[in-house]
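Reviewing the structure listed below.
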Amino acid sequence: MGERSLPKRPPGEPKPLLDEDIAPVLARLDAWYAAHLLRDEYRFNPPATEADLDAFERKVGVKLPQSYRQLYRWHDGENDDRWGHIYGLPLLPLKEAASQWEAWNRVLSDFGGNRYEIPGGGWPADAVDPAYINLRWIPLTHDGSGNHIGLDFDPWPQGRVGQVILFGRDEDVKAVLAESLGKFLEWIAGLLESGNFRLEAEP
């Protein structure tokens with residue numbers, strides 16, 4: 001894209017990060033998984049340490065909110081590269097989240113630092129950066145093909161710091177899923193508790 005074609009960030013500031021305690025929704029998820037999955041199928045990792053979280057924070061250059069730290073003190077993701085507990089996607093361990101972030105950093109370098117090298121869009125309008133890459137997007141999940149659910153720490157003015165978005169190689173439109181990590185997990189828990197899902201087990 002030529003310089004004149006770069007999208008212009010609208011004026012204004014996004015809504016601030018929500019200060020959340022996500023312990024109640026993590027307890028709901030624990031209860032649902034324990035009731036509905038066999039013990040050997042509930043394969044989250046042990047909790048991350050504060051040192052792990054501090055190292056990850058330094059790596060990505062983003063101040064991690066309390067809710068993110070709570071999530072990873074609950075479990076440091078799950079060791080599965082394809083199937084998992086978030087819409088069938090694995091919650092990334094911190095080490096793998098850092099690896100994915102580093103991979104995007106390398107792609108951005110290959111693009112000469114132009115995060116709009118591949119044009120895209122954002123939804124809702126003016127809530128999320130329509131960039132192909134933004135290093136302040138922190139991946140939570142990975143589908144094995146370069147796409148993520150993640151946290152957005154560089155939203156546009158109609159968004160909120162820490163909102164949960166879809167981004168990645170095939171996500172031409174970066175979409176906001178929830179205005180915070182806590183609200184996203186409450187959405188997941190609500191879908192599970194209401195039976196609003198379908199499981200298809202492969203042979």
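The values are calculated or read from the model by the stated rules, or taken from the named source; none is laboratory data. Worth saying up front: this structure is predicted, and the values here are computed from it rather than measured. No Cβ is skipped: glycine too gets one built from the backbone with ideal geometry, and neighbour counts run over all protein chains shown. Surface areas here come from the heavy atoms of the whole protein model, side chains and all, with no ligands, DNA or RNA. Shrake-Rupley method; radii C 1.70, N 1.55, O 1.52, S 1.80 Å.
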Note: the chain at 10 °C, 1.306 mPa s; Kirkwood Rh on alpha carbon pairs; Stokes-Einstein D in µm²/s works out to 90
What residue among 97, 51, 131 has the largest mean-square fluctuation in a Gaussian network model of the chain, using Cα springs under 10 Å? 51
For region 112-203: span of alpha carbons on each principal axis (Å, largest first): 44, 32, 19
Excluding exposed DSSP-loop chymotrypsin sites (Phe, Trp or Tyr not before Pro) (at most 16 other C-beta within 10 Å), longest clean stretch of the chain: 112-196
In debye, nearest 20: dipole of the chain around its Cα centre with unit charges on the Cβ of K, R (+) and D, E (-)? 460
Cut-off under 23 Å on the C-alpha distance; same-chain residues fewer than 8 positions from residue 59 excluded. Which lysines are left, in chain and number order? 95
Nearest-ten-degree value, helix 50-60 long axis tilted from longest Cα axis of the chain: 20
On a 0 to 90 degree scale, rounded to 10, what angle separates helix 94-110 from the longest Cα axis of the chain? 20
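How many Å² of accessible area per residue for region 111-203, probe 1.4 Å? Mind showing how you got there, number by number?
Numbers: 4080 Å² over 93 residues.
Per residue, region 111-203 has 44 Å² of solvent-accessible surface.
Do you know the relative contact order of the chain, to the nearest whole percent, from alpha carbon pairs under 8 angstrom that are 6+ apart? Write out the running numbers ahead of the final one.
Working: 346 pairs, mean separation 44.9, N = 203.
The normalised contact order for the chain reaches 22 percent.
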With Cα springs under 10 Å, the Gaussian network model of the chain assigns the largest mean-square fluctuation among 162, 121, 88 to 88
Take the solvent-accessible surface of the protein heavy atoms, probe 1.4 Å, and return the percent of it on region 1-121 that carbon and sulfur atoms account for. 53
List the lysines whose Cα sits under 25 Å from the Cα of residue 8, skipping any in the same chain fewer than 8 residues away. 174
For region 76-157, listing trypsin sites (Lys or Arg not before Pro) in a DSSP loop whose Cβ sees at most 12 other Cβ atoms within 10 Å gives 82
May I ask for the distance between the Cα centers of region 46-85 and region 108-174, given as a whole number of Å? 19
With Cα coordinates, the longest principal axis of the chain makes an angle with the long axis of helix 181-194, in degrees rounded to 10, of 40
